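Novice: Attaching a single structure in structure tokens format; questions to follow.
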Amino acid sequence: MRALFAFAFFLLLAGTAAAQHQHGKPGAAGPEAFTATPAFGPDGTLWLVRAMADRIVVVRSTDLGKTFSEPVVVTPEPMNLDWGPDARARIVVDPKGGLVVTFAIFQDRNFNGRAFYSRSNDNGVTFGKPRPITADPTSQRFETAAVDPATGRVFAAWLDKRNVAKARAAGKPYPGAALAYAWEDGEAGFGPTTIALDNTCECCRLGVAFAGPGKPAIVFRNIFPGSVRDHGVVTFKDEKTPGPVRRVSADEWKIEACPHHGPSIAVLPDGSYHVAWFTAGSARKGLFYARADNGDTPFGAPRALSQPNRQPARPYLLANGTALHLVWKEFDGTKSLVRWQVSHDSGRTWSDPRTVADTADASDHPMLAANAGRAYLSWLTKADGYRLIPLEDQP
Amino acid sequence: MKFRPLLLAVLLAVASAGAQAADLQSFGRGSWSKLRAAHDGQPTVVHFWGLTCAPCLVEMPEWGKLRAERPDMRLVMVAADPVPQDPARVSDMLARADLAKVENWAFVDRFNERLRYEIDPAWAGELPRTLLIDRDGKETVLTGVADLAEVRAWLDAQKKR
């Protein structure tokens, strides 16, 4: 029976996207989200949230991704899901095993979004009716939830366009969007929304890590003076006080558009910050990594990952104890590869890059998750389905 | 097979006699080499744009105007959205920019890395992007919104060669 579920799940994974693979005239099918986002529960259960055409489903695996439960639908009715290349439904697990799923829909053809969340307090058997993450209806996208490991409280950050609408009404220009956040208020829902920062880039994913109790650190593509879309980190001083923007790197990417290619962040127990990002700036082009000793010091010199003619993209960082894992995607002319490096000295030196997975068709961004001291690559591919691959943790 | 271009021209004329919908060709694996071969030895402008690229949509009508001004220009438009878009909406945008009658392609394969690699291994997918390809196949890349004065100068220079 389990094998049957696994097979049915694989069909679900393959189904809609495969239908689009055809030759001749472009089909009538519209764009669709193709993502799978993992989270481990305290009991070692792997939870996976998938955007499937017009609905969000959650599956779980108790054998590290070998087999999956039947999908549980989070969205009771079909929804116009955000299929943007950097958007994804996400799932986090609180210390009690409660699940929070976040996702966004498109409200219109101008890519105005609406971010939703849904909670399950019965171990994923049922999910509450999805509710907007904020009361303001203007536009929210790239919602990202994270659990404060010290308090168990769920934090959410997203890109919000309420101030764009206000500026427009006042006849003033407003480049980009705003970085907004809210904390879950018990289990009743998300509390009031606060704008942490105006004029960020509007369509790249965010990265969130915790620098201490009540201190989320958010990395995002910012808009620096002169329409330069380089990365910044904001670390909270406490739950209600976002700190100043610390620039990660002066790449000088002056662009009046959004690259749909956001960064990743990890904070190690020694307090060090680690960021990986994509840029096509005049100072450097490609995929890069940099570290900072703590939340106040400047970031060090960027280190290039791979070479631009291999299309390095979609980096992801994970702190697992004192080990720091880094993966990204690159293309060798035939296949997409996931490349992996690990550092055991706070990001100062790294293992040689190694290919840990590949696929010869479209794929989601590589993600990382840890359970019981082990780190795993989580990767959804069109041709090979979903894979959870243990990373051999050796320097 | 000399009748083919004529046949194609007739078909295009018939197609464009009706609605202004663009005759959209599917851009998949191997399409780039076919496209290049079809224009081999002819100065050609290839413009990559996307429905999900706001600056592209602002720029599109300018390409429509250039096309009207230079009817002899070989212009190929490629909709290169990272997530393939609804062809009806792509066609609609082309018609609104007065570009329905040029050679139009749209990415239909979600394996965007592969398509980009065939065109230029170092292209990370930024849009808009314009390629000026001369008689000898030499490519000049214009990244971002194109300076159409530069395109006009290039077109003039090709005639003198």
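Novice: Which residue is farthest from residue B:124 (Cα to Cα), if the candidates are limited to the stretch A:311-354 and must be within 14 Å of chain B (Cβ to nearest Cβ) and surrounded by fewer than 17 Cβ atoms within 10 Å (Cβ to Cβ)?
Specialist: Taking the stretch A:311-354 first, the residues within 14 Å of chain B (Cβ to nearest Cβ) are A:311-315, A:328-339.
From what is left, the residues that are surrounded by fewer than 17 Cβ atoms within 10 Å (Cβ to Cβ) are A:332-334.
Details: A:332: 14, A:333: 14, A:334: 16 Å.
Filtering first and then ranking leaves A:334.
Novice: To continue, here is another question. Within the group A:90, A:131, A:141, which residue is surrounded by 18 or more Cβ atoms within 10 Å (Cβ to Cβ) and away from every other protein chain (no Cβ under 14 Å)?
Specialist: Working: A:131 fails: surrounded by 18 or more Cβ atoms within 10 Å (Cβ to Cβ); A:141 fails: away from every other protein chain (no Cβ under 14 Å).
When all the criteria are applied, what remains is A:90.
Novice: Name the residues in the stretch B:94-118 that are more than 9 Å from chain A (Cβ to nearest Cβ) and assigned to a loop (DSSP other than H, G, I, E, B), would you?
Specialist: Of everything in the stretch B:94-118, those that are more than 9 Å from chain A (Cβ to nearest Cβ) and assigned to a loop (DSSP other than H, G, I, E, B) turn out to be B:97, B:98, B:99, B:100, B:101, B:102.
Novice: Here is a follow-up. Taking the stretch A:67-87 as the region of interest, how many residues are more than 14 Å from chain B (Cβ to nearest Cβ) and either out of contact with any Pro (no Cβ under 7 Å at 6 or more places or on another chain) or without any contact (Cβ under 8 Å) to a residue 24 or more places away in the chain (or both)? Spell out the reasoning first.
Specialist: First, pick out the residues of the stretch A:67-87 that are more than 14 Å from chain B (Cβ to nearest Cβ): A:67-79.
Then keep just the ones that are either out of contact with any Pro (no Cβ under 7 Å at 6 or more places or on another chain) or without any contact (Cβ under 8 Å) to a residue 24 or more places away in the chain (or both); that gives A:67-73, A:76-79.
Residues meeting the conditions: 11.
Novice: What residue, of A:136, A:108, is farther than 26 Å from residue A:376 by Cβ and within 14 Å of chain B (Cβ to nearest Cβ)?
Specialist: Details: A:136 fails: within 14 Å of chain B (Cβ to nearest Cβ).
It is A:108.
Novice: Follow-up. Looking at the stretch A:236-256, which of its residues are more than 14 Å from residue A:292 (Cα to Cα), out of contact with any helix residue (DSSP H, G or I) (no Cβ under 6 Å at 6 or more places or on another chain) and part of a loop (DSSP other than H, G, I, E, B)?
Specialist: A:239, A:240, A:250, A:251, A:252, A:253, A:255
Novice: Please find, among A:188, A:196, the residue that is outside any helix (DSSP H, G or I), of a type in the set (A, V, I, L, M, F, W, C) and more than 20 Å from the chain's Cα centre (by Cα).
Specialist: On the way: A:196 fails: more than 20 Å from the chain's Cα centre (by Cα).
Only one candidate qualifies: A:188.
Novice: Still on this model: Assess whether residue B:58 counts as being out of contact with any helix residue (DSSP H, G or I) (no Cβ under 7 Å at 6 or more places or on another chain) and at pLDDT 95 or above.
Specialist: Numbers: out of contact with any helix residue (DSSP H, G or I) (no Cβ under 7 Å at 6 or more places or on another chain): yes; at pLDDT 95 or above: no.
No: the conditions fail for residue B:58.
Novice: Give the stretch A:380-395 a look and list any residue that's closer than 30 Å to residue B:117 by Cα and more than 14 Å from every other protein chain (Cβ to nearest Cβ), or say none. So that I can check it myself, show each step before the final result.
Specialist: Of the stretch A:380-395, the ones closer than 30 Å to residue B:117 by Cα are A:380-391.
Within the stretch A:380-395, A:385, A:386, A:387, A:388, A:389, A:390, A:391 meet the criteria.
Novice: Does residue A:319 satisfy being farther than 20 Å from residue A:391 by Cα and aliphatic (A, V, I, L, M)? If you could, list the steps in order and put the result at the bottom.
Specialist: Numbers: farther than 20 Å from residue A:391 by Cα: no; aliphatic (A, V, I, L, M): yes.
So residue A:319 does not fit the description; no.
Novice: Under the condition of being among the basic types (Lys, Arg), in contact (Cβ under 8 Å) with a residue 24 or more places away in the chain and more than 14 Å from every other protein chain (Cβ to nearest Cβ), which residue from the stretch A:237-258 is surrounded by the most Cβ atoms within 10 Å (Cβ to Cβ)?
Specialist: The initial filter retains those residues of the stretch A:237-258 that are among the basic types (Lys, Arg), namely A:237, A:240, A:246-247, A:254.
Then drop every residue that is not in contact (Cβ under 8 Å) with a residue 24 or more places away in the chain, which leaves A:240, A:246-247, A:254.
Pick out the ones that are also more than 14 Å from every other protein chain (Cβ to nearest Cβ) and you get A:240, A:246-247.
On the way: A:240: 10, A:246: 20, A:247: 15.
Taking the candidates together, the pick is A:246.
Novice: Cβ-Cβ distance below 6 Å, separation of 6 or more or different chains: which pairs start in the stretch A:282-295 with a residue that is more than 26 Å from residue A:226 (Cα to Cα) and end on one that is at pLDDT 95 or above and surrounded by fewer than 16 Cβ atoms within 10 Å (Cβ to Cβ)?
Specialist: A:294/A:271
Novice: Moving on. Based on this model, can you work out whether residue A:226 counts as more than 14 Å from chain B (Cβ to nearest Cβ), of a type outside the set (Lys, Arg), touching a Pro at 6+ places or on another chain (Cβ under 9 Å) and exposed (fewer than 15 other Cβ atoms within 10 Å of the Cβ)?
Specialist: Details: more than 14 Å from chain B (Cβ to nearest Cβ): yes; of a type outside the set (Lys, Arg): yes; touching a Pro at 6+ places or on another chain (Cβ under 9 Å): no; exposed (fewer than 15 other Cβ atoms within 10 Å of the Cβ): yes.
Taking the combined requirement at face value, the residue does not satisfy it.
Novice: Among the residues of the stretch A:261-287, write down those that are surrounded by fewer than 24 Cβ atoms within 10 Å (Cβ to Cβ) and within 14 Å of chain B (Cβ to nearest Cβ).
Specialist: A:280, A:281, A:282, A:284, A:285, A:286 - these are the residues of the stretch A:261-287 that are surrounded by fewer than 24 Cβ atoms within 10 Å (Cβ to Cβ) and within 14 Å of chain B (Cβ to nearest Cβ).
Novice: Do the conditions hold for residue B:61, that is, is it surrounded by fewer than 21 Cβ atoms within 10 Å (Cβ to Cβ) and either closer than 29 Å to residue A:203 by Cα or under 13 Å from the mean Cα position of the chain (by Cα) (or both)? If you could, list the steps in order and put the result at the bottom.
Specialist: Numbers: surrounded by fewer than 21 Cβ atoms within 10 Å (Cβ to Cβ): yes; either closer than 29 Å to residue A:203 by Cα or under 13 Å from the mean Cα position of the chain (by Cα) (or both): yes.
Criteria met by residue B:61.
Novice: Ok, one more. If residue B:121 satisfies all but one of (1) part of a loop (DSSP other than H, G, I, E, B); (2) on the phi < 0 side of the Ramachandran plot; (3) buried (at least 21 other Cβ atoms within 10 Å of the Cβ), what's the number of the condition it fails?
Specialist: (3)
The values are calculated or read from the model by the stated rules, or taken from the named source; none is laboratory data. Treat the numbers as computed from the prediction; the structure is a model and nothing was measured. Note that we place each Cβ from the backbone using ideal geometry, even for glycine, and neighbour counts take in every protein chain shown.
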